[in-house]
Amino acid sequence: MKKTNDGKSEKAGAETGLNIIHAQDIYKQFGDEAVLRGIDLNVSSGEIVGILGPSGAGKTTLIKCLIGTLGLNRGSVFIHGVAMPSLCMMDRIGYMAQQDALYDDLTGFQNLVFYGRLKGMRKRAAKDQSHELMALVELSGDESKKVAHYSGGMKRRLSLAAALIGDPDVIVLDEPTVGIDPVLRELFWQEFGRLKAKGRAIMITTHVMDEAEKCDRLILLRDGTILENGSPERLKQKTPKGTLEAVFLESAKRQITEGRTV
Amino acid sequence: MKTMVIAGRVIRQITGDKRTLAVMLIAPVIILSLLYCLLAFNVTKANIDLVGGNRAAADTIADVANVTAVGNAEEAESRLKAGESDGYIDGDRFVAEGTDPAITALAKRAFSQYAMKQRLSGLPQQFAAQAGNIVEQPQAVLLYGGENYGQFDFLAPSMMGFIIFFLVFLLAGIAFLRERISGTMDRILVSSLRRSQLVAGYFLGFGLFAALQTIVIQIFLVYVLKIQAYENFALILVVNLFVAGTSLAMGTLFSAFARNEFQLFQFIPIVIIPQVMFCGLFNLRDTPLALQYLARIFPLTYGADALRSVMLRGAGLADVWQDLAAMFGFTLLFLTLNIRVLRKYRAI
Ligand SMILES: Nc1ncnc2c1ncn2[C@@H]1O[C@H](COP(=O)(O)OP(=O)(O)OP(=O)(O)O)[C@@H](O)[C@H]1O
Ligand SMILES: [Mg+2]
């Protein structure tokens with residue numbers, strides 16, 4: 001029952017690396033409202049997969065289903081071949097929530113060390129890496145400031161650092177660059193590139209089209225189904241205008257009754 | 001191990017937030033001081049006006065009333081209506097204001113002592129002396145308590161239990177609620193942390209502050225307010241830790257059913273206020289059975305009972321283990337429920 005799109009991208013995934021995340025027929029509903037209706041998805045190591053879709057499309061829900069913090073109504077998710085949710089796999093996932101998910105009463109540094117320790121790091125190692133990550137997101141000068149006194153962008157940066165602590169090999173970022181200035185955004189993407197080169201499997205949701213361009217593969221989500229799944233180049237060829245913006249706008253207009261999925 | 005990581009964070013959070021710390025440690029002192037003052041300066045004498053009347057008899061009620069002589073009944077009546085007196089005696093007429101039952105009781109005592117003396121003074125000389133002996137109050141022997149033992153001494157143990165229960169319920173409940181609202185709950189569960197370790201970490205973290213709190217309260221009660229109580233510091237600490245444990249388990253569980261702080265506060269009238277009423281402020285002995293059973297579903301009933309036994313009757317561990325067991329049972333129940341509810345955030 002695989003779509004042609006999916007099949008091709010799977011092949012592309014095989015070229016770049018091992019299959020890390022494998023999701024089959026994910027179905028999720030809240031009450032009577034079906035938010036995800038049969039999602040199949042694969043992410044390989046060394047691959048950056050962008051998830052696009054209008055607000056309320058179910059991007060965050062999909063991500064939470066993948067990392068195991070939301071139960072599925074149907075379907076299954078495997079990470080490294082292990083059925084999720086699995087405690088031992090949890091330590092290998094770096095998750096940046098759409099909310100900042102930080103402790104206001106702690107300093108930025110304390111937040112990072114805490115998340116590092118939860119991932120099973122020793123105190124020394126957690127502290128060392130926290131310093132490194134603080135430097136990476138350019139917060140070195142604000143290590144001992146309480147998060148309550150951080151600006152929105154600073155929190156976002158700290159939240160990214162918290163997702164990267166413990167060197168996870170599955171990195172899931174829910175709108176990581178919202179509220180980040182262009183210079184830092186560039187820096188973030190350089191870092192994503194480095195992580196990709198290290199063979200990490202990366203998933204990013206975004207609303208920004210020029211970020212979407214930088215992904216290896218894009219998944220266009222709408223009304224709980226996958227409308228498109230392919231490289232940015234391939235998607236662009238689908239519209240006369242040849243821009244991702246056009247692809248996005250067009251897909252947003254399309255009806256689900258077209259029956260592209262399940 | 002991870003339990004300690006969570007506990008460490010909870011402790012750092014509380015110490016990082018000076019207000020919370022102040023509320024935990026200073027609020028009990030303020031509440032108890034206030035209660036102490038209110039009870040220490042409680043009304044012990046009724047203000048009684050005497051119209052004409054027997055001066056000698058008036059002297060005999062000086063221990064229960066402040067007596068003022070007034071000229072006539074009209075004056076006494078208007079003073080009573082103006083709130084200047086609580087009652088008056090006009091010959092055989094005894095009138096009391098009657099709205100405040102405690103003051104009415106004081107007035108009635110004054111009236112009966114006065115009437116007694118009146119009648120005695122009416123008797124022939126030779127009987128009067130003997131009759132005086134007959135009506136004299138017997139000397140009571142107190143098994144517990146003592147000479148200066150008062151209402152505050154009686155209430156202090158229950159209040160101590162209540163304060164700890166209330167503050168821990170609120171602070172732990174809010175902390176846990178914030179964890180859900182801010183998304184940190186999701187995030188900390190994206191790790192090999194077990195749900196039970198999360199809850200255990202909260203226990204340790206808040207347990208430390210509950211312990212600090214009981215020590216502060218005990219020192220304050222014993223050395224500053226100098227209450228009349230047995231000073232079994234260790235056992236009181238143990239009982240209070242059980243109280244705090246139950247309260248924490250309840251607070252964190254109830255936070256699951258609240259979408260924001262305001263909704264958590266809505267539990268106060270349902271969960272907290274009845275506990276105040278059942279924790280020993282009122283004697284339930286003669287209440288309907290249904291009420292007595294109702295009291296038993298509130299954990300603080302057991303906590304306050306244990307605290308009273310230890311502090312007022314010098315009970316030991318062997319005497320209060322049943323109360324402790326009951327609280328332990330509640331804690332276990334709420335904890336299990338809470339760990340189950342947390343499945344919503346991660347199925348394993
Ligand atoms: N806990 C929940 N209970 C009920 N409905 C929910 C819950 N979480 C999400 N939904 C619903 O699921 C749908 C998808 O939400 P989701 O957060 O996944 O969207 P999204 O694609 O991430 O949107 P955005 O771009 O705005 O972040 C929405 O209609 C939302 O109302
Ligand atoms: Mg979202």
Can you tell me which residues in the range A:119-178 are in contact with an Asp or Glu (Cβ under 9 Å, 6 or more places away or on another chain), of a type in the set (S, T, N, Q) and assigned to a helix (DSSP H, G or I)?
-> A:129, A:130, A:159
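So if I check each of A:43, A:49, which one is out of contact with any Asp or Glu (no Cβ under 8 Å at 6 or more places or on another chain), more than 14 Å from every other protein chain (Cβ to nearest Cβ), under 21 Å from residue A:193 (Cβ atoms) and open to solvent by less than 10 Å² (accessible area, probe 1.4 Å)? Give the derivation first.
Details: A:49 fails: out of contact with any Asp or Glu (no Cβ under 8 Å at 6 or more places or on another chain).
Answer to the check: A:43.
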Yes/no for residue A:161 being away from ligand 1 (no atom under 16 Å from the Cβ) and open to solvent by less than 50 Å² (accessible area, probe 1.4 Å) = yes
Within the range A:138-157, how many residues are open to solvent by less than 40 Å² (accessible area, probe 1.4 Å) and either small (Gly, Ala, Ser) or within 12 Å of another protein chain (Cβ to nearest Cβ) (or both)?
-> 2
Is it true that some residue in the range B:42-49 is out of contact with any Gly (no Cβ under 7 Å at 6 or more places or on another chain), buried (at least 19 other Cβ atoms within 10 Å of the Cβ), within 14 Å of another protein chain (Cβ to nearest Cβ) and more than 22 Å from residue B:214 (Cβ to Cβ)?
-> no
Lone unmet requirement of (1) outside any loop (DSSP other than H, G, I, E, B); (2) away from ligand 2 (no atom under 16 Å from the Cβ); (3) open to solvent by less than 40 Å² (accessible area, probe 1.4 Å) for residue A:103 = (1)
Note on the range A:177-211: residues within 16 Å of ligand 2 (Cβ to nearest atom), farther than 15 Å from residue B:190 by Cβ and of a type outside the set (S, T, N, Q) are A:178, A:179, A:204, A:207, A:208, A:211
Looking only at the range A:32-66, and only at residues there that are in contact with a Lys or Arg (Cβ under 6 Å, 6 or more places away or on another chain) and part of a strand (DSSP E or B), the one that is farthest from ligand 1 (Cβ to nearest atom) = A:48
Per-region count, the range A:179-192, residues touching a residue at least 12 places away in the same chain (Cβ under 8 Å) and either part of a helix (DSSP H, G or I) or under 13 Å from the mean Cα position of the chain (by Cα) (or both) = 7
Looking at B:280, B:303, which is the one that is part of a helix (DSSP H, G or I) and modelled with pLDDT under 90?
-> B:280
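Is it the case, given these coordinates, that residue A:123 is modelled with pLDDT of 90 or more, more than 13 Å from ligand 1 (Cβ to nearest atom), within 14 Å of chain B (Cβ to nearest Cβ) and surrounded by fewer than 24 Cβ atoms within 10 Å (Cβ to Cβ)? Before the answer, list the steps.
On the way: modelled with pLDDT of 90 or more: yes; more than 13 Å from ligand 1 (Cβ to nearest atom): yes; within 14 Å of chain B (Cβ to nearest Cβ): yes; surrounded by fewer than 24 Cβ atoms within 10 Å (Cβ to Cβ): yes.
Judged against the criteria, residue A:123 is a match.
Report yes if residue A:69 is within 16 Å of ligand 1 (Cβ to nearest atom), within 14 Å of chain B (Cβ to nearest Cβ) and modelled with pLDDT under 90, otherwise no. Quick ask: steps written out before the conclusion?
Details: within 16 Å of ligand 1 (Cβ to nearest atom): yes; within 14 Å of chain B (Cβ to nearest Cβ): yes; modelled with pLDDT under 90: yes.
Considered against the rule, which asks whether it is within 16 Å of ligand 1 (Cβ to nearest atom), within 14 Å of chain B (Cβ to nearest Cβ) and modelled with pLDDT under 90, residue A:69 comes out as yes.
The values are calculated or read from the model by the stated rules, or taken from the named source; none is laboratory data. It should be emphasised that the depicted structure is a prediction, and the values quoted were computed from it without experimental measurement. Virtual Cβ from ideal backbone geometry, glycine too; neighbours counted across all protein chains shown. Side chains are part of the model used for accessible areas, which takes the heavy atoms of the whole protein and leaves out ligands, DNA and RNA. Shrake-Rupley method; radii C 1.70, N 1.55, O 1.52, S 1.80 Å.
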